[in-house]
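Asker: I have a structure here, written as structure tokens, and I will follow up with some questions on it.
The values are calculated or read from the model by the stated rules, or taken from the named source; none is laboratory data. Because the structure is predicted, anything quoted here is derived from the model rather than measured. Cβ: placed from backbone, ideal geometry, glycine included. Neighbour counts: every protein chain shown.
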Amino acid sequence: MRGPPPLFLGLELPPALGQALAPLLRQLAAIDPEVRPARAEGLHLTLRFLGPVELEAQAGIELVASRVAQENAAFRLGFQGLGTFPEGTHPRVIWAAVGEGQSEVGRLAEVLAGRLAGEGWWPEPHPFRAHCTLARLPERLSARSRAAVVEFCDRGGAEGPLLMRAETLALLKSVSVPGGPNRYPRLASWRFQQA
């Protein structure tokens, strides 16, 4: 029997921004058949990964998220540049870096972590780093493909920053798709204060 799905709180990227990043996703896919680019329609910025969540625990998460959204204003968010986790010669994840709005995103993640800790959720084991995952790489990738990934990241991605307005906080579910990138359906969302 399957357990509950992994959930997370995050910011969904609007369709126009997903379309602007789609050429990068296609370029990543062309590097190697083993590279798994994200779906343009599923791009997001994770603020707090929760892992598998039982249905009865979801209400508490939703209450925390609702209050945090009510207490924070919408803001501009920009992506510019690329990076990898881990850094170095054997990356497993390629991501778009957050430029404008980084302090707002960091503050949201910190507030969510604190409020969720008060509800019994353990803190994340790694420090928060604002990013949008563009692709996942297999552990065994040819040296040639790894070099192409490094070169791709060094080029920096799209010209100029890609901007959006972060207006809602969302509770998303991670759904595995055999042989393809995960899907991230929205379970609930809450609007930030509008300026």
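Asker: What residue, of Arg146, Arg115, is in contact with a helix residue (DSSP H, G or I) (Cβ under 9 Å, 6 or more places away or on another chain), part of a helix (DSSP H, G or I), farther than 18 Å from Leu43 by Cα and not β-branched (Val, Ile, Thr)? Give the steps one after another, and end with the answer.
Answerer: Working: Arg146 fails: in contact with a helix residue (DSSP H, G or I) (Cβ under 9 Å, 6 or more places away or on another chain).
Selected residue: Arg115, the only one of Arg146, Arg115 that is in contact with a helix residue (DSSP H, G or I) (Cβ under 9 Å, 6 or more places away or on another chain), part of a helix (DSSP H, G or I), farther than 18 Å from Leu43 by Cα and not β-branched (Val, Ile, Thr).
Asker: Still on this model: Checking the conditions here, which among Arg26, Arg76, Arg48, Arg2 is loosely packed, with under 14 Cβ neighbours inside 10 Å and assigned to a strand (DSSP E or B)?
Answerer: Result of the check over Arg26, Arg76, Arg48, Arg2: Arg76.
Asker: Hey, could you check segment 84-105 for residues that are among the small types (Gly, Ala, Ser) and within 13 Å of the chain's Cα centre (by Cα) and say which is surrounded by the fewest Cβ atoms within 10 Å (Cβ to Cβ)?
Answerer: Ala97
Asker: Looking at (1) modelled with pLDDT under 95; (2) surrounded by 15 or more Cβ atoms within 10 Å (Cβ to Cβ); (3) not small (Gly, Ala, Ser), can you tell me which one Leu9 breaks?
Answerer: For Leu9, the failing item is (1).
Asker: Sort out which residues of segment 32-55 are more than 14 Å from Leu187 (Cβ to Cβ), free of Cβ contacts under 8 Å to residues at least 60 places away in the same chain and out of contact with any strand residue (DSSP E or B) (no Cβ under 8 Å at 6 or more places or on another chain), and write them in order of number.
Answerer: Pro33, Ala40, Glu41
Asker: Scan segment 157-195 for residues that are loosely packed, with under 13 Cβ neighbours inside 10 Å and either β-branched (Val, Ile, Thr) or more than 24 Å from Leu108 (Cα to Cα) (or both) and jot them down.
Answerer: Matches in segment 157-195: Glu159, Gly160, Val175, Ser176, Val177, Pro178, Gly179, Gly180.
Asker: Quick check on Leu134: is it in contact with a Lys or Arg (Cβ under 8 Å, 6 or more places away or on another chain) and either among the aliphatic types (A, V, I, L, M) or more than 27 Å from Arg107 (Cα to Cα) (or both)?
Answerer: For Leu134, the condition - in contact with a Lys or Arg (Cβ under 8 Å, 6 or more places away or on another chain) and either among the aliphatic types (A, V, I, L, M) or more than 27 Å from Arg107 (Cα to Cα) (or both) - is not met.
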